[in-house]
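Okay, so here's the structure we're looking at.
What follows is calculated from the coordinates using simple rules that are stated; it is not laboratory data. Being a predicted model, the structure only gives us computed values, none of them experimental. Every residue, glycine among them, receives a Cβ derived from its backbone with ideal geometry; neighbour counts consider all protein chains shown.
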Amino acid sequence: MEQKPEFFDLAIVGGRCLTLDHTFSEISDSLILIRKGLIIWIGERSTYTGRYKAVKTLQASGKLIIPSFINAHTHLSLSLYRGLGTDLKLHDWLHQVIWPLERKFCTPDNVYLGNCLSLLEMIKSGTGTLADMNFFSKFAAKAIEESGLRGFIGEALFSTPTPSIPEPQDGLNVTSELIAQYRNHPMVHPYVVLHAPFTCSGELYQEASEKAKFWGVKVCSHVAETLTEVEQIGERYKMTPIEWLDSLRVLDKDFIAIHAIHLSEHDKEIISKRNVGIVHNPQSNMMLGSGICPVSELVSKGVRVGLGTDSASSNNSLSILSELQTAAKLHKLLSLDPAVLPAKQVLHMATTVNADILGLSGVSGMLAMGYSADMILIDPSSPNMIPLHDPYAQIVYSMENQDIESLISGGKVIMEKRKILTLDEEIILKEVIKWTKESSVYDFISVKND
């Protein structure tokens with residue numbers, strides 16, 4: 001009697017699969033079968049004994065397959081201001097460029113447009129999951145839904161008025177609405193977002209932390225990004241930013257500290273003891289001259305350190321591939337030790353560690369049965385990838401964005417053979433160019449690039 005086939009939504013046939021699980025197991029000639037967004041079967045093609053039929057099949061022979069990258073911190077809408085006010089320190093950049101631009105141009109329509117532009121870039125550089133800090137976050141969510149990516153959304157909370165929240169006391173109400181609307185969404189995850197210790201009061205941190213625990217979501221905030229911040233918090237509270245947040249009892253495993261550059265030894269001990277997640281943004285920190293997160297020291301203390309790009313206006317790139325490549329080289333230079341942040345470790349930072357920090361352990365970040373089907377197909381045939389002696393080393397030290405051929409997110413093919421299938425790239429780019437010309441945005445800022 002002939003065996004009946006099992007039906008799947010997507011089959012990926014062939015290819016060398018680097019699962020990036022905790023043992024870095026590999027599958028030399030893989031078969032991946034996907035249903036309802038999940039990996040139902042993964043293994044050597046020759047060992048699959050059943051029959052299957054799939055609605056869509058991707059032929060991956062000769063390709064590399066790895067989990068899609070996770071960008072644990074960005075500001076999607078700021079791509080509209082890419083290249084404005086470069087070569088400034090963070091606080092000058094905020095006060096003279098970004099905040100004035102946002103007061104003038106941050107509207108729901110522009111948030112949506114900037115998000116769409118950023119998502120195009122992220123898709124083409126292999127990002128399947130991102131964590132955003134934005135204003136008018138419902139419009140960020142709209143763009144993320146349309147893109148098919150997985151996204152964390154949070155309304156940026158300040159203790160002063162913002163473009164989307166003119167009355168600061170309403171900030172947590174806006175967050176509450178996001179939680180209610182997206183709590184059960186399969187791909188859009190709300191969380192609580194506070195800007196920074198120098199813009200948020202202790203009362204706001206405490207109330208936001210209590211609400212987040214009640215809602216069962218993560219909390220993130222920029223922390224210890226610049227020496228100016230450390231000095232300001234020291235003058236106000238006679239503590240470092242980390243010590244101050246710890247005194248408020250808001251630091252725990254569900255707190256995500258963005259940047260964490262200027263840390264005392266006591267700060268590092270607190271971070272380790274409280275199991276705080278850290279997101280390292282090396283390229284943005286380098287461009288703004290902010291400093292370098294002590295990644296190796298933190299990791300040696302058992303701290304989870306992941307990776308983010310920050311915004312396209314502070315980094316000028318949203319490629320997490322470029323970010324992980326920079327991180328690997330930067331910390332070798334900083335420590336004068338080429339063994340620091342080896343290729344496999346830095347790949348874990350951009351996948352499994354970021355997944356853990358965002359609360360996606362067991363959901364995403366590696367390729368295994370029961371996990372979300374979040375992966376990229378890499379074409380290793382370009383000159384910069386040949387010969388392929390060590391695929392981990394090639395990805396971290398040789399690969400370029402254009403080598404990423406296809407992206408699958410939640411079992412949905414988002415990009416196939418470099419063509420984005422969910423967003424209309426041509427229309428989005430035309431709309432951004434049109435807006436840039438009509439807004440005369442460059443004429444609005446007071447600081448010009450020489």
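Which of Ser46, Ser28, Ser398 ends up with the largest GNM mean-square fluctuation for the chain, with Cα atoms connected below 10 Å?
Between Ser46, Ser28, Ser398, it is Ser46 that shows the largest mean-square fluctuation.
Before rounding to the nearest 500, sum -39500 (n - 2.57) across all DSSP H runs of length at least 4 in the chain and divide by the residue total; then give [θ] at 222 nm in deg cm²/dmol. Walk me through the intermediate numbers first.
Values: 17 runs with 157 residues, N = 450.
So the helix-based figure for the chain works out to -10000 deg cm²/dmol.
Tell me, Ile414, Ile256, Ile433 in order of fewest to most beta-carbon neighbours within 10 Å?
Ile433, Ile414, Ile256
Using modelled backbone amide H atoms (1.01 Å from N, in-plane), which distant-in-sequence or interchain residues come within less than 5 Å of Tyr52's amide H?
Those qualifying (amide H under 5 Å, at least 5 residues apart or on another chain) are Glu6.
For the stretch 241-315 and the stretch 34-49, what is the separation of their C-alpha centers, rounded to whole Å?
38 Å
Which one of Glu225, Glu145, Glu426 has the biggest mean-square fluctuation once the chain is modelled by GNM with Cα springs under 10 Å?
So, out of Glu225, Glu145, Glu426, the one fluctuating most is Glu426.
For the pairs Lys211/Lys301; Lys138/Lys419; Lys213/Lys419, flag any whose C-alpha to C-alpha distance is greater than 31 Å.
Table pairs above 31 Å Cα-Cα are Lys213/Lys419.
At a 10 Å Cβ-Cβ cut-off, how would you order Arg45, Arg249, fewest neighbours first?
Details: Arg45 15, Arg249 12.
The fewest-first ordering by Cβ neighbours comes to Arg249, Arg45.
Which of [x] 1.01; [y] 0.97; [z] 1.07 is the computed Cα Rg over 2.2 N^0.38 Å for the structure on display?
Working out Cα Rg over 2.2 N^0.38 Å from the coordinates points to [y].
What ranking of Asp310, Asp443 emerges when the number of other C-beta atoms within 10 Å of each C-beta is taken as an exposure proxy, fewest first?
Asp443, Asp310
Sequence gap at least 6, Cα distance under 8 Å: using those rules, report the relative contact order of the stretch 69-357 to the nearest whole percent.
21 percent
Scan around Leu157 for amide H atoms under 5 Å from its own, H built in the peptide plane at 1.01 Å from N, and keep only partners 5 or more places away or cross-chain.
For Leu157, the qualifying residues are Val193, Leu194, His195.
Report, in debye and to the nearest 20, how large the dipole of the chain comes out about its Cα centre when Lys and Arg carry +1 and Asp and Glu carry -1 on their Cβ.
980 debye
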